[in-house]
Amino acid sequence: MKHDLLGLKELNADQIRNILDEAADMKRVVLSKEKKIHNLQGKTVVNLFYENSTRTRLSFELAAKYMSANAANISSSGSSVAKGETLADTAETINAMGTDILVMRHNMSGAPHILSKLVDASVVNAGDGMDEHPTQALLDMLTMIEHKGHIEGLKVAIIGDIYHSRVVRSNIYGLTKLGAEVSVGGPRTLMPMGIDEMGVQVFDNVHEALVDADIVMGLRIQLERQKKGLFPSIREYFRFFGVDESRLKLAKPDAIVMHPGPVNRGVELSTAVIDGARSVITQQVTSGVAVRMAVMDMLVHGGF
Ligand code: CP
């Protein structure tokens, strides 16, 4: 039976811990001079991206190559998708080429779930619409463990566009399963209905969300998904919800600052905070390669 990683909603705490344990081992490979193991020798990984990406696509590709897999990329703009080929026909084509792992990003929530039913390959969700981005949340959790030693009991404040964010959904599933206390803060117009039923504290201001936080996570204001004027202007957003050095003082003195990227400088976080000593944004990127190595290794060799 094949295994997929479609979301953290489907995983239990032990499964999440197993991935994070293996990712910690893989991080040593990523940081080593060799960067080469042979766990996926002879396997083929295809990245199928219907939306733009820098971090996720490159890190899946590098993760596959560090594990000696064959790796290929398809984006919608440079493929027959741009000529009108359906998702099902694209899936059949990729299936016929002997793909073992298919990594997919799509602007439609649930697209990887559909793809999984159409192909023999293991499917990894690399971000689907406003649903989930499971490997992002896993790399966030790995980075938190590296700095704090544990997830249980951590106070995690997530600030920004909660409504459109697949990153926040995956983080809420993962962090609450591992025992963290999660608070979310942002404009009411960017809070989805039912968020308070996900086991988090919800604030319509940044101050209360930040108090005593161990982790401060900014979320990108998704300008490409804002068509309804959900806040007056970027300047207003930063004035009321942006995390600058003065607001960061509300968190614990040793709090770390995270962001999934790409960052809008001076919107979610000030430049001083992004480039400051407490920022671990670059380390998140390194953790991303390790997490993707662990996930693909476990999909092929078991562990899910
Ligand atoms: N965090 C993230 O998903 O970044 P990309 O869109 O660059 O992949």
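The values are calculated or read from the model by the stated rules, or taken from the named source; none is laboratory data. Note that this is a predicted model, so its numbers are computed, not measured. Every residue, glycine as well, gets a Cβ built from its backbone with ideal geometry; the counts of neighbours run over all protein chains shown. Note: accessible area is taken over every heavy atom of the protein model, side chains too, but ligands, DNA and RNA are not part of it. Shrake-Rupley method; radii C 1.70, N 1.55, O 1.52, S 1.80 Å.
Give me the percent of the accessible area of the chain that comes from carbon and sulfur atoms, probe 1.4 Å, all protein chains in place. Intermediate results must be reported in sequence, preceding the final value.
Values: 6710 of 13200 Å².
Its accessible area is 51 percent carbon and sulfur atoms.
Of the trypsin sites (Lys or Arg not before Pro) in the range 166-274, which ones lie in a loop per DSSP and count no more than 15 other C-beta atoms within 10 Å? Can you show the working numbers first?
Numbers: sites: ARG166, ARG169, LYS177, ARG188, ARG220, ARG225, LYS227, LYS228, ARG235, ARG239, ARG247, LYS249, ARG265; in loops: ARG220, LYS227, LYS228, LYS249.
Those that pass, being in a loop and sparsely packed, are LYS227, LYS228, LYS249.
Using only Cα atoms, find the angle between the long axis of helix 166-177 and the longest principal axis of the chain, and express it within 0 to 90 degrees, rounded to the nearest 10.
Approximately 80 degrees, to the nearest 10.
Mind checking the angle between helix 55-66 and the chain's longest principal axis? C-alpha axes, 0 to 90 degrees, to the nearest 10.
40
Under the rule of -39500 (n - 2.57) per DSSP H run of 4 or more residues, summed and divided by the residues of the chain, what mean residue ellipticity at 222 nm is obtained, to the nearest 500 deg cm²/dmol?
Working: 11 runs with 117 residues, N = 304.
Mean residue ellipticity at 222 nm (helix-derived): -11500 deg cm²/dmol.
Under a point spin-label approximation (7 Å from Cα along Cα-to-Cβ), what is the ARG278-ASP89 distance to one decimal in nm?
Here the answer is 5.3 nm between the modelled labels.
Give me the percent relative contact order of the range 134-284, please, defined on Cα pairs under 8 angstrom at least 6 residues apart.
24
Residue by residue through the range 240-249, which ³J(HN,Hα) values in whole Hz follow from phi under the Karplus form 6.51 cos²θ - 1.76 cosθ + 1.60 (θ = phi - 60°), with glycine and proline marked x?
Ordered by residue, 3J(HN,Hα) equals 9, 10, x, 9, 10, 5, 5, 5, 4, 5 Hz.
Return the single residue from SER79, SER122, SER270 with maximal mean-square fluctuation; model: Gaussian network over the chain, springs between Cα atoms under 10 Å.
Looking only at SER79, SER122, SER270, the largest GNM fluctuation is found for SER79.
Whole number in Å², please: accessible area per residue of the chain, 1.4 Å probe, ligands, DNA and RNA not counted.
Dividing the accessible area of the chain by its residue count gives 43 Å².
For the pairs LYS33/LYS177; LYS9/LYS249; LYS33/LYS65; LYS2/LYS36; LYS43/LYS117; LYS155/LYS177, note any where the Cα-Cα span goes beyond 23 Å. Show your work: numbers first, answer last.
Working: LYS33/LYS177 35 Å; LYS9/LYS249 33 Å; LYS33/LYS65 14 Å; LYS2/LYS36 25 Å; LYS43/LYS117 20 Å; LYS155/LYS177 14 Å.
Flagged as over cut-off: LYS33/LYS177; LYS9/LYS249; LYS2/LYS36.
Give me the Debye-computed log₁₀ of I(q)/I(0) at q = 0.08, 0.10 Å⁻¹ for the chain, equal point scatterers on Cα only, no solvent, two decimals.
With no solvent term, the Cα-only Debye profile gives -0.34, -0.53.
When the Cα centres of the range 30-71 and the range 236-304 are compared, how far apart do they sit, in Å?
The range 30-71 and the range 236-304 have Cα centres separated by 22 Å.
In debye, nearest 20, what is the charge dipole magnitude of the range 134-284 about its Cα centre with +1 on Lys and Arg Cβ and -1 on Asp and Glu Cβ, if you could check?
Details: 17 positive and 18 negative charges, 91 e Å.
Dipole about the Cα centre, nearest 20: 440 debye.
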